[in-house]
């Protein structure tokens with residue numbers, strides 16, 4: 001009996017000592033802080049080429065699904081040429097670990113209307129799909145960076161008899177010097193080629209993006225990005241966007257216009273609705 005009482009006394013004392021120890025918190029990096037805010041971050045998710053290829057990406061992993069619409073237009077009246085398109089996309093990401101994210105985008109519907117001096121063409125088909133992975137390389141209280149890679153899968157029927165494939169490797173960084181200011185940047189290189197009876201016509205490109213988001217509240221942010229691309233198709237384009245958050249839902253609206261380069265687009269605009277879980 002005395003032995004049992006002594007054992008209980010020792011156990012109680014040990015438990016009391018353990019409870020009284022101060023709680024040591026693990027370091028909280030910028031990605032953890034970003035997760036608490038919930039507003040979309042990083043470069044605006046809008047590019048000039050296939051799916052989300054050659055567009056910047058955020059540095060921090062998250063779990064989300066969403067819908068997006070992107071509109072592109074070329075109106076060249078002197079050359080009697082016009083091309084207007086719209087892409088309806090499904091996208092999602094899964095943070096398999098706090099520092100690793102898998103992501104994918106599918107242009108489920110691709111609509112295009114083209115007209116020149118003699119011909120008119122309207123097309124609705126399945127668009128392009130990309131799948132990729134992002135790995136956080138560093139994550140401090142204010143600075144986060146990740147290595148990103150994605151592949152372009154041969155799902156599109158936009159080019160008759162040809163399936164376009166490709167790959168991209170890049171790095172993205174996010175710096176938050178103030179609670180209301182997030183500065184971001186991204187750089188990547190990509191390669192695309194065609195599979196089919198025609199020649200593959202491989203194309204190499206390089207992209208750079210710098211920008212910032214002003215976030216006066218937890219539910220709103222205003223973004224200004226400048227992106228530049230070098231390759232067979234080149235451009236320098238400012239992009240302006242607005243981001244909104246309602247609980248776990250986010251909305252991103254953006255528009256862009258190339259001002260330098262040989263890209264012929266007169267406008268690119270997008271809207272993205274996402275749910276974070």
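The values are calculated or read from the model by the stated rules, or taken from the named source; none is laboratory data. Owing to the predicted nature of the structure, the values given are computational and were not obtained by experimental measurement. With ideal geometry, Cβ positions are generated from the backbone for all residues, glycine too; neighbour counts draw on all protein chains shown.
Condition check ((1) modelled with pLDDT of 50 or more; (2) surrounded by fewer than 16 Cβ atoms within 10 Å (Cβ to Cβ); (3) farther than 19 Å from residue 185 by Cβ) across all residues:
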residue: 41; (1), (2), (3): yes, no, no
residue: 57; (1), (2), (3): yes, no, no
residue: 72; (1), (2), (3): yes, no, yes
residue: 80; (1), (2), (3): yes, yes, yes
Residue count, the range 211-244 (criterion: within 17 Å of the chain's Cα centre (by Cα) and within 18 Å of residue 180 (Cα to Cα)): 13
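What residue, of 154, 202, is more than 24 Å from residue 61 (Cα to Cα), in contact with a strand residue (DSSP E or B) (Cβ under 9 Å, 6 or more places away or on another chain) and touching a residue at least 24 places away in the same chain (Cβ under 8 Å)? Reasoning before the result, please.
On the way: 202 fails: touching a residue at least 24 places away in the same chain (Cβ under 8 Å).
None of the others qualify; the one that does is 154.
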Qualifying position, being touching a helix residue (DSSP H, G or I) at 6+ places or on another chain (Cβ under 7 Å), crowded, with 17+ Cβ neighbours inside 10 Å and on the phi < 0 side of the Ramachandran plot, among 176, 150: 176
Counted residues, the range 232-262 - those being more than 25 Å from residue 101 (Cα to Cα) and crowded, with 18+ Cβ neighbours inside 10 Å: 5
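Can residue 162 be described as in contact with a strand residue (DSSP E or B) (Cβ under 8 Å, 6 or more places away or on another chain) and under 20 Å from residue 125 (Cα atoms)?
Details: in contact with a strand residue (DSSP E or B) (Cβ under 8 Å, 6 or more places away or on another chain): yes; under 20 Å from residue 125 (Cα atoms): yes.
It is true that residue 162 is in contact with a strand residue (DSSP E or B) (Cβ under 8 Å, 6 or more places away or on another chain) and under 20 Å from residue 125 (Cα atoms).
Kindly evaluate residue 185 against the criterion of being within 19 Å of residue 269 (Cα to Cα), crowded, with 19+ Cβ neighbours inside 10 Å and either at pLDDT 95 or above or over 19 Å from the mean Cα position of the chain (by Cα) (or both).
Values: within 19 Å of residue 269 (Cα to Cα): no; crowded, with 19+ Cβ neighbours inside 10 Å: yes; either at pLDDT 95 or above or over 19 Å from the mean Cα position of the chain (by Cα) (or both): yes.
Taking the combined requirement at face value, the residue does not satisfy it.
Got a sec? Which of 168, 141 is in contact (Cβ under 8 Å) with a residue 60 or more places away in the chain and surrounded by fewer than 19 Cβ atoms within 10 Å (Cβ to Cβ)?
Answer to the selection: 141.
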The listed residue being at pLDDT below 90 and surrounded by 13 or more Cβ atoms within 10 Å (Cβ to Cβ), out of 205, 196: 196
Scan of the range 135-150 for residues that are assigned to a strand (DSSP E or B) and touching a strand residue (DSSP E or B) at 6+ places or on another chain (Cβ under 6 Å), ordered by number: 135, 136, 137, 138, 143, 144, 145, 146, 147, 148, 149, 150
Qualifying residue in the range 221-229 (condition: surrounded by 16 or more Cβ atoms within 10 Å (Cβ to Cβ) and modelled with pLDDT under 95): no
Test: residue in the range 266-275 that is free of Cβ contacts under 8 Å to residues at least 40 places away in the same chain and surrounded by fewer than 21 Cβ atoms within 10 Å (Cβ to Cβ): no
